[in-house]
Amino acid sequence: MPVPTTTERDLTLLRSLGRRIDPSDPGAHNNLGVLYYEKGLLPEAIAAFTRALELDHKMQVARDNLETVHRESGFYDRRIAELQERIRRVPGAHDARLELGRAYLSLGQHDAAAEQFHAILRRQPHHAASLIQLGLVEQVRGRQDQAAVWFQQACDADPASSVARLYYGESLYNQGLNDLALTALAEGVALSPENADLHYLLGFVYGDLGQHEAARASTRRAIQLNPTLASAQSNLSIGSLGGRPVTPMALSERTAALNGDSGKKAHGQLALAFRKRGYYAEALREYRLALDAGEDRFAVLLGMAEVHLLRRDPPAALELYGRLLEETPTSPKLWNDRGTCYHQAGRREEARAAYQEAIAHDPDYAFAWNNLGVAYTGVRDSDGAAQAFRAALRVRPGLIAAQLNLGLFLFQRHQFQGALEAYRAVLSLQPAEPSAWNGIGLVLMELRRFTDARNAFARAVDGDPTNAGARYNLGFCLSQLGDFDGALAETRRALELDPYYVPQKYTLTIELQREEATIVIAPELSSELNQGGLSEPFHFDPSLLDELFHELTPPIPPAPPLATADDLFTLARDYLSKGLLELATAEVARARNRGAPRPLAEALLGEIFAKRGLHGEALERFRSARVERPADLRIVVGEAQALLALGRAKEAIVLADQALAAEPASVDALVTRARARLVLRDFDGARSDANAAAGLAPGRADLLLLQASASRLLGDLEHADEAYRAAVQLDGGLVQAWYELGLTE
């Protein structure tokens, strides 16, 4: 355990950092937790790791960090004891039981967690939050098929929940059931179009189904809604600040039940799923298990070679490709992949030879033609690059990478009309392709058409907000137009994305087992030279530029339907109803960024704090919200409930009266006032309010229990007995009603 050496300045800096980080970024919360831990701030560290796990329950590094702090501090022992005592006193306290189950799950005590969720379901069989939590337990255990059953039940229990469909779709995707996953996720998007995680996962599903344009569109939409999805960072583990950061296992550990025992999923298939998500270490582990299990040796070795190729480990990849080529020496794919390995290692001549070998075995292998063109870009006084790119396009006209490479090659040789034609060909296939718009912008900059170049770079940024190169170029262009404030803003954003200027780059193409992929190649000095001697005499067709100007004028999109203030918080309330409080908090922040009213956001944060039992924080939020919306019933009642929870019943009654004066039929206000009157021993008033609430909302067991409690305290045992029995008839698991019923006998 670290020795606390925290100064007041350290505390101020760390807490300031905690306020500034993106509330939806699990990696940021995890890393903040490590910083807290290193300064001896264990409660703050635990809170940060817990937030990271709620945002990404598969984040193994955060789970490991949390377990380390737990072992050293005993924090969770105390927290679990507190929750168990609260449940002992109020057996029907579902929020406490749900939190207890989540605490067990955070510590990896899966059976204990599941028991808490089952206990809630025994009382409320359609409790969607518990159904989702049981699904998460099974996911962590590696039982995706069983997780899907629980998530499907959650969808049935709450048909309006996009959150339930997100988890259900994820479990189906992890089983390789892409068509079913697509249906579930599409239903979720229809329910909540602002759910970034749904769009992000849809991108993977579309990609697996070969619908690459739809995949790109979904991913772009996800990043627009949540830019952190586009960022990559090292996630720290405790003790790593002085050494190498540990990369998280972003999917949970899979057990033999998923692969061998269930008979539904092979290690090789699971490795492929890991690889497609970029989890290369996990993929290699599964491939090794596949070899041990006797799965198809050639396919497994090929998968491992591809992983090493994708993770840019040329020596390991070359060794495996060499073994595979000994068995299949005429495979153009293997030769092309081998050439890509050489290319990554900077061995251009050997790369060219490998690509030529691939073409010798299959003259129509477009991927090798494209890569051969890239290999020739660094050769002076050679037309080989353009010839190879055009050969790739003759064989496969829709190969976007080859068309972009051709455009870049021609631009670097000052062949501007040819470059524009190449980029236009890309846009005819994919009108929003950011690299093509960026390339057009570069050409227009050379032609000193700065206004039109600005439009082109803006289209590139719209297509990919994380494109640092396009943002740098837009900044340069704006400075030429005299818009220095705009230039500074774009350059700052570009610096956040990448501290170095990112020029347009060539891309290699490879054919994976079930997909295509491109690999960016860092430019060489020789290929970056704009050599006037290589350019043909410049004859530019103005009509081509006129057509481009017309295309550069973006159409005015139809105005989207106006969303109500409550609509903007639909997803946040969905998360809140499932007990996923950190996700709800993050979604409130995103809703605010989309223009949601501040007081409604504050009020919803108040509800979230109240769910956590932080009633002082909740009170501050509700009061802040009421300054701007003093007549909002939800805010007024929320503040009254916070006051009641803090033992300030008299103040709570004042606000409840105010709410009821505005809306006499408010059940929540009546219940709040009834509970406050019970605290103040005004049992007649409490029963009157409870009766009025039950009349407005008949069939609610909790209201019958409130009626019964007031009657018992008044000494009216007959009416109390009747109300208790009616309550337990509606909800046999209402332990508090059984307990108080016993007091009347």
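ILE359 passes every criterion in (1) among the β-branched types (Val, Ile, Thr); (2) modelled with pLDDT of 90 or more; (3) open to solvent by 50 Å² or more (accessible area, probe 1.4 Å) apart from (3). In the set GLY695, GLY616, GLY638, only one residue is touching a Phe, Trp or Tyr at 6+ places or on another chain (Cβ under 9 Å), of a type in the set (Gly, Ala, Ser) and under 28 Å from ARG123 (Cβ atoms); that residue is GLY638. Among the numbered conditions (1) closer than 26 Å to GLN139 by Cα; (2) within 26 Å of the chain's Cα centre (by Cα); (3) at pLDDT 65 or above; (4) buried (at least 19 other Cβ atoms within 10 Å of the Cβ), tell me where GLN116 comes up short. The single condition GLN116 does not satisfy is (2). Set side by side, the residues LEU399, LEU429 differ, and just one is over 24 Å from ASN455 (Cα atoms) and modelled with pLDDT under 90, which is LEU399.
GLU67 meets all of the listed conditions (1) modelled with pLDDT of 70 or more; (2) in a helix (DSSP H, G or I); (3) open to solvent by 30 Å² or more (accessible area, probe 1.4 Å) but one, namely (1). Taken over region 164-186, the residue count meeting the criterion of being over 16 Å from ALA222 (Cα atoms) and surrounded by fewer than 22 Cβ atoms within 10 Å (Cβ to Cβ) is 7. Does LEU444 meet the test of being among the hydrophobic types (A, V, I, L, M, F, W, C), in a helix (DSSP H, G or I) and more than 24 Å from ARG493 (Cβ to Cβ)? Answer is no for this residue. Being at pLDDT below 80, surrounded by fewer than 21 Cβ atoms within 10 Å (Cβ to Cβ) and among the small types (Gly, Ala, Ser) is a property that GLY268 lacks. Filtering region 174-202 to residues that are over 18 Å from LEU272 (Cβ atoms), assigned to a helix (DSSP H, G or I) and under 15 Å from the mean Cα position of the chain (by Cα) leaves LEU185, GLY188, VAL189, ALA196, ASP197, LEU198, HIS199, TYR200, LEU202. All conditions in (1) open to solvent by 10 Å² or more (accessible area, probe 1.4 Å); (2) outside any loop (DSSP other than H, G, I, E, B); (3) closer than 19 Å to ARG275 by Cα hold for VAL205, with the sole exception of (1). Of everything in region 389-400 that is touching a residue at least 12 places away in the same chain (Cβ under 8 Å) and surrounded by fewer than 24 Cβ atoms within 10 Å (Cβ to Cβ), the residue that is farthest from ARG347 (Cα to Cα) is GLY398. A residue that is in a helix (DSSP H, G or I), open to solvent by 60 Å² or more (accessible area, probe 1.4 Å) and of a type in the set (Ser, Thr, Tyr) occurs somewhere in region 678-690.
Condition check ((1) without any contact (Cβ under 8 Å) to a residue 40 or more places away in the chain; (2) touching a Phe, Trp or Tyr at 6+ places or on another chain (Cβ under 7 Å); (3) hydrophobic (A, V, I, L, M, F, W, C)) across all residues:
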position	(1), (2), (3)
HIS343	no, no, no
GLN356	yes, no, no
ASN371	no, yes, no
GLY378	no, no, no
GLN387	yes, no, no
LEU404	no, no, yes
LEU410	yes, no, yes
GLY418	yes, no, no
GLU421	no, no, no
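The sole residue among GLU515, GLU536 that is touching an Asp or Glu at 6+ places or on another chain (Cβ under 9 Å) and modelled with pLDDT under 85 is GLU515. Would you point out the residue of region 104-113, among those that are modelled with pLDDT of 75 or more and assigned to a helix (DSSP H, G or I), that is most open to solvent (accessible area, probe 1.4 Å)? If we take residues in region 104-113 being modelled with pLDDT of 75 or more and assigned to a helix (DSSP H, G or I), then ASP111 is most open to solvent (accessible area, probe 1.4 Å).
When only residues in region 133-173 that are at pLDDT 85 or above and part of a loop (DSSP other than H, G, I, E, B) count, which is farthest from LEU209 (Cα to Cα)? Restricting to residues being at pLDDT 85 or above and part of a loop (DSSP other than H, G, I, E, B), the top hit is ASP158.
Here the condition is being open to solvent by 10 Å² or more (accessible area, probe 1.4 Å), assigned to a helix (DSSP H, G or I) and farther than 15 Å from GLN504 by Cα; of GLN417, GLN403, it holds for GLN417 alone.
Per-residue answers, yes or no, for (1) of a type in the set (Phe, Trp, Tyr); (2) assigned to a helix (DSSP H, G or I):
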| residue | (1), (2) |
| --- | --- |
| ALA317 | no, yes |
| TYR321 | yes, yes |
| LEU325 | no, yes |
| LYS333 | no, yes |
| ARG338 | no, yes |
| GLY346 | no, no |
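Just one of (1) within 18 Å of ALA432 (Cβ to Cβ); (2) open to solvent by less than 70 Å² (accessible area, probe 1.4 Å); (3) at pLDDT 85 or above fails for ARG454. It is (2).
Remark: ARG673 matches the filter, which requires a residue to be part of a helix (DSSP H, G or I) and open to solvent by 30 Å² or more (accessible area, probe 1.4 Å). On the basis of being farther than 18 Å from TYR575 by Cα, more than 26 Å from the chain's Cα centre (by Cα) and at pLDDT 75 or above, does PRO91 make the cut? So PRO91 does not fit the description; no.
Here is a yes/no grid of residues against (1) under 24 Å from GLU286 (Cβ atoms); (2) in contact with a helix residue (DSSP H, G or I) (Cβ under 9 Å, 6 or more places away or on another chain); (3) charged (D, E, K, R):
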{"residue": "GLN109", "(1), (2), (3)": "no, yes, no"}
{"residue": "LEU121", "(1), (2), (3)": "no, yes, no"}
{"residue": "ALA128", "(1), (2), (3)": "no, yes, no"}
{"residue": "GLY135", "(1), (2), (3)": "yes, yes, no"}
{"residue": "ARG143", "(1), (2), (3)": "yes, yes, yes"}
{"residue": "GLN146", "(1), (2), (3)": "yes, yes, no"}
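Under 6 Å between Cβ atoms, at least 6 apart or on separate chains: pull out the pairs that start in region 463-475 with a residue that is touching a residue at least 12 places away in the same chain (Cβ under 8 Å) and end on any residue that is in a loop (DSSP other than H, G, I, E, B). Within 6 Å, the pairs are GLY463/ALA432; ALA468/ASP498; ALA468/VAL502; GLY469/VAL502; TYR472/TYR501. For the subset of region 701-713 comprising residues that are touching an Asp or Glu at 6+ places or on another chain (Cβ under 9 Å) and open to solvent by 60 Å² or more (accessible area, probe 1.4 Å), which member is nearest to LEU678 (Cα to Cα)? Applying the filter and picking the extreme gives ARG712. Checking each residue in region 640-657 for being open to solvent by less than 80 Å² (accessible area, probe 1.4 Å), in contact (Cβ under 8 Å) with a residue 12 or more places away in the chain and part of a helix (DSSP H, G or I) picks out ALA640, ALA642, LEU643, LEU644, ALA645, ALA649, ALA652, ILE653, LEU655, ALA656, ASP657. One residue alone among ASP668, ASP702 is modelled with pLDDT of 80 or more, acidic (Asp, Glu) and under 44 Å from the mean Cα position of the chain (by Cα), and that residue is ASP668.
The values are calculated or read from the model by the stated rules, or taken from the named source; none is laboratory data. Values in this document were obtained by computation on a predicted structure and should not be read as measured data. Cβ atoms come from the backbone with ideal geometry, glycine included; neighbour counts cover every protein chain shown. When the accessible area is computed, the model is the full protein with side chains, heavy atoms only, and any ligands, DNA or RNA have been set aside. Shrake-Rupley method; radii C 1.70, N 1.55, O 1.52, S 1.80 Å.
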